[in-house]
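No value in this document is a laboratory result; all are computed from the given coordinates. Nothing here was measured: the structure is a model prediction, and the numbers come from that model. Here the Cβ positions follow ideal geometry from the backbone for every residue, glycine too, while neighbour counts run over all protein chains shown.
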Amino acid sequence: MIVLVSKNEKQDKKGTDSVVSTPKNLLIPVLLLLLKNWNAHGYELMQKLTQFGFHSIDQGNFYRILRQLEKDELVSSVWDTTSTGPAKRIYSITSAGEQYLDIWAGSLEQYQKILQQFFNMYSTFFTTAGFTAMKEDKDEQS
């Protein structure tokens, strides 16, 4: 299975660095989405992923992911020898990749609804009204 390659650093309450990761395999639907209307070589895709919010992408792991997607017939590639310099693989999404992207989009939509509910509830704990209600509940329990 393909593993996560994107990490962001944050400091915890003690001031030490901890790592917060992008959800596993989120890189795959983003890659497929980038290839939906744009054929690109690997380096261009890595640049777009960085602009999308993925940081510290391991180049070796990234190209293994592209090869696995090609093996799974979700993307295809051809050698581009028309530009100056060494030949480059140009990647494009396949029809199976488009179907897989649609499935991911549906799953992410459900995930987004869950996240929205989480943040709605989370924000009630940090608003004045939510804090007052929590304090009143605690006072009543005492």
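Couplings 3J(HN,Hα) of segment 122-127, computed from phi: 4, 5, 5, 7, 10, 9 Hz, in residue order, whole Hz [Karplus 6.51 cos²θ - 1.76 cosθ + 1.60, θ = phi - 60°; x for Gly and Pro]. Modelled spin labels at HIS55 and SER92, positioned 7 Å past Cα toward Cβ, are 3.5 nm from each other. Put simply, when 26-39, 103-116, 59-72 are sorted by average Cβ atoms within 10 angstrom per residue, most first, you get 26-39, 59-72, 103-116.
Across segment 67-77, coupling constants 3J(HN,Hα) worked out from phi with the 6.51/-1.76/1.60 Karplus curve, θ = phi - 60°, read 5, 5, 4, 5, 4, 7, 6, 8, 9, 10, 9 Hz, and Gly and Pro carry x.
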